[in-house]
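Below is one structure, written out as structure tokens, with a few remarks after it.
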Amino acid sequence: MVSIGDETGVTVTFPKGFHPAEQPIPAAVPAVFPTSPNPMRTTGPLDVAPLVDLGGYGGVARAGRPPAFTPNARRRRGRLLRRPGRPQVSVDNNRCRLYAICQMEAPASFLVARDGRLYYDTAPATTELTRVRQAARLCPMQAIALRAEPR
Amino acid sequence: MRPYRTEFTRALVDVGRARRQHQPPRRQVVIVGAGIAGLRAAERLRERGFDGSIVFVGDEPHKPYNRTPLSKQLLAQTGRLTDLRLPVYRELDALWRLGTRALGLDLARQRLLLPRGEELAYDGLVIATGVEARHLPGAPLWSEHVWSLRDLADARGLSRRLALGVRHVAIVGTGFIGCEVASSLRKRGIEVSLIGRGKALMASAIGGKVGTLMTRVHRRNHVNLLLGRNPVRWGTADSPASDRTPAGVGVRIWLDDGSRLDADAAVIAVGALPAVRWLLGSGLDISDGVLTTASCHGVVREGTATGVVPSVVAAGDVARWPNLMIDATPRRVEHWITASEHGQAAADALLLGPGQAPPFTPLPRFWTEQFGVRLQGVGRPGLADTCRLAEGSPRALEFVACYLRAGTVVGAVGCNAGARLLEYADLIGLPLHPRPELIGSLPGPVPAAA
Ligand SMILES: Cc1cc2nc3c(=O)[nH]c(=O)nc-3n(C[C@H](O)[C@H](O)[C@H](O)COP(=O)(O)OP(=O)(O)OC[C@H]3O[C@@H](n4cnc5c(N)ncnc54)[C@H](O)[C@@H]3O)c2cc1C
Ligand code: SF4
């Protein structure tokens with residue numbers, strides 16, 4: 001198991017072999033996802049790729065150059081890339097009890113996979129923020145924290 | 001020059017005055033009950049751009065906090081007081097009248113009646129007073145050794161009593177709160193006796209079959225289960241002489257089967273009653289909670305005539321409304337997630353009015369954790385006539401059970417099931433038979449426990 005920790009104390013845990021630094025990012029998202037009517041309620045290859053690699057840019061460090069579609073991201077080598085002004089999402093692993101309410105509220109940003117782990121987007125898209133906030137409000141264990149972009 | 005200037009200044013002053021006079025008056029929304037539903041209503045009002053004033057009238061001396069850890073983490077001493085904080089993502093800019101109990105409501109004049117004869121005018125009123133713990137007839141709740149658990153004051157009192165040293169606590173009531181308290185106290189190494197009327201734990205909420213499985217979990221964790229029994233007489237160490245218990249016994253409970261139970265303290269968790277006494281005589285229909293339309297607006301009843309009040313909405317545990325997703329019968333729901341959503345919907349309903357507001361049709365969702373077993377439910381399993389195992393293994397305590405009423409799915413309960421439950425949430429309101437693949441996986445009812 002490999003974890004990336006950042007200074008906020010958040011850990012994003014990836015299944016072995018799927019650390020972004022270990023694995024090239026899959027060029028195409030597995031076909032099951034975009035075609036199924038409700039991607040989060042199917043049993044596709046949920047436990048094989050962290051959510052950030054399934055949709056867009058998730059604020060987790062990646063090997064190589066930052067993707068072209070994040071022009072505002074501050075490029076700093078060896079650091080997490082963040083877009084300014086977007087809240088950082090973190091889930092307290094010690095509290096989360098996998099009730100998956102967050103997944104019901106914001107299926108594009110949270111995923112309780114079959115391996116019994118929660119995958120989540122640490123920097124959800126602006127269009128997702130309303131849902132992410134609702135997920136944070138309704139989380140039974142109040143494990144989801146949104147905090148403004150530091151610095 | 002000079003006369004002209006004076007004219008000009010005067011004209012400016014007139015313009016200012018006219019502008020002030022023609023400005024629409026600042027509207028005022030009063031929220032009665034500073035709980036989760038009230039908080040979410042205020043937040044939603046601001047999110048929708050409401051720029052009038054918001055006044056909270058709350059009985060407790062605290063701003064809204066999360067009640068759900070009171071019986072779990074807080075009682076088990078695995079959590080801290082800061083866990084009760086609730087996040088708010090909008091500046092509320094509200095006036096907090098805490099420690100103030102609403103005493104009455106004058107619908108015709110749109111006034112809330114407060115202590116000392118104070119009247120508070122409102123343009124919109126959100127009723128979110130929640131429920132209060134039901135009193136068990138005969139139980140000496142005034143005693144230092146007998147507690148119920150609804151708010152922070154109760155939790156504090158109980159934990160103060162526990163800190164004085166207890167070895168054995170009797171719990172009356174086998175609903176969610178009673179069972180959670182049992183689990184939390186066992187975690188602290190305290191002996192627990194659980195007294196209940198029914199034969200299975202939490203049966204009214206999750207049905208007898210899953211209830212029986214949970215009964216087994218409690219028994220395995222050495223909870224002394226006294227099921228099918230009722231307390232008939234009480235004595236405590238601080239009772240008047242005739243009922244006083246011998247030294248060293250905090251509470252003595254006589255049960256209706258003739259037995260007697262001695263404990264150091266007792267917790268009473270026999271359900272809740274909606275906090276509607278203050279609405280008596282207001283004209284609102286308050287039989288078992290504040291009756292509202294499907295869109296959260298209050299309903300007045302005079303004789304047989306009924307009417308909708310556009311300026312009054314109710315949300316949370318106190319409201320009784322028809323959830324059209326399930327059926328048209330008005331019911332109360334006492335779930336925390338639903339209360340949050342209800343507050344938001346009520347705020348929208350207040351802004352939109354009864355004509356435009358959509359019906360509030362949430363999927364009721366609840367959770368509880370006892371002895372490490374995570375139970376999670378959607379819909380209204382309590383309404384079901386049949387309970388079927390949908391997948392998993394009850395023996396391993398990892399399963400999903402489906403609840404049917406007249407062949408239609410009304411709820412599902414997952415036990416340590418995580419996201420597997422979500423599939424069944426989509427089925428609510430549907431008859432089970434158009435899903436042959438699901439029928440195929442139903443091996444029959446959950447076996448009853450020995
Ligand atoms: C110990 C405990 C554990 C729980 N655990 C769970 C759980 O695990 N899962 C779950 O889904 N639900 C749980 N619940 C239920 C959940 O807490 C409630 O559904 C939720 O709090 C309801 O919110 P509300 O805003 O409607 O009412 P409340 O939170 O009860 O707020 C109502 C407020 O109004 C105030 N008030 C009452 N009358 C007046 C008056 N006349 N004037 C002014 N103010 C007044 C009260 O003092 C109170 O502060 C639990 C409840 C308790 C007590
Ligand atoms: S809702 Fe909260 S407890 Fe449930 S899975 Fe999401 S973060 Fe974890």
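The values are calculated or read from the model by the stated rules, or taken from the named source; none is laboratory data. Note that the coordinates shown come from a computational prediction; the quantities given were computed from them, not determined experimentally. Don't worry about glycine lacking a Cβ; one is built from the backbone with ideal geometry, like all the others, and counts go over all protein chains shown. Remember, those area values only see protein heavy atoms, side chains included, never the ligands or the DNA or RNA. Shrake-Rupley method; radii C 1.70, N 1.55, O 1.52, S 1.80 Å.
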Practice task
Assess whether residue B:36 counts as being more than 14 Å from every other protein chain (Cβ to nearest Cβ), within 30 Å of residue A:141 (Cα to Cα), within 10 Å of ligand 1 (Cβ to nearest atom) and among the aliphatic types (A, V, I, L, M).
Solution key: no
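Can you name the residue in segment B:39-69 that is closer than 27 Å to residue B:80 by Cα and acidic (Asp, Glu) and, of all such residues, is farthest from the other protein chains (Cβ to nearest Cβ)?
B:59
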Problem - segment B:43-64 residues that are in contact (Cβ under 8 Å) with a residue 40 or more places away in the chain, paired with ones that are surrounded by fewer than 21 Cβ atoms within 10 Å (Cβ to Cβ) and of a type in the set (Gly, Ala, Ser) (beta carbon under 8 Å, 6 or more apart) - result: B:53/B:94; B:54/B:94; B:55/B:94; B:56/B:94; B:58/B:99; B:59/B:99; B:60/B:99; B:60/B:153
Practice task
Specify the residue that is farthest from the chain's Cα centre (by Cα); the eligible residues are those in segment B:98-116 that are within 12 Å of ligand 1 (Cβ to nearest atom) and open to solvent by 40 Å² or more (accessible area, probe 1.4 Å).
Solution key: B:113
Completion exercise
Taking segment A:125-150 and keeping only residues that are in contact (Cβ under 8 Å) with a residue 40 or more places away in the chain and either within 16 Å of ligand 1 (Cβ to nearest atom) or of a type outside the set (A, V, I, L, M) (or both), one is left with A:126, A:139, A:140, A:141, A:142, A:143, A:147, A:149, A:150
Exercise for the section: Would you check if there is a residue in segment B:199-207 being under 30 Å from residue B:386 (Cβ atoms), in contact (Cβ under 8 Å) with a residue 40 or more places away in the chain and polar (S, T, N, Q)? Expected result: yes
Fill in the blank from the handout: In the set B:205, B:237, B:269, the lone residue that is crowded, with 17+ Cβ neighbours inside 10 Å, at negative phi, of a type in the set (A, V, I, L, M) and modelled with pLDDT of 95 or more is B:269
Problem - Tally, over segment A:108-140, of residues that are assigned to a loop (DSSP other than H, G, I, E, B), open to solvent by 20 Å² or more (accessible area, probe 1.4 Å) and more than 9 Å from chain B (Cβ to nearest Cβ) - result: 4
Problem - Of the criteria (1) more than 21 Å from the chain's Cα centre (by Cα); (2) within 21 Å of residue A:103 (Cβ to Cβ); (3) away from ligand 2 (no atom under 16 Å from the Cβ); (4) of a type outside the set (Val, Ile, Thr), which one residue B:379 fails - result: (1)
Problem - Candidate set: segment B:317-329, residues that are surrounded by fewer than 20 Cβ atoms within 10 Å (Cβ to Cβ) and not β-branched (Val, Ile, Thr); chosen: the one farthest from the other protein chains (Cβ to nearest Cβ) - result: B:328
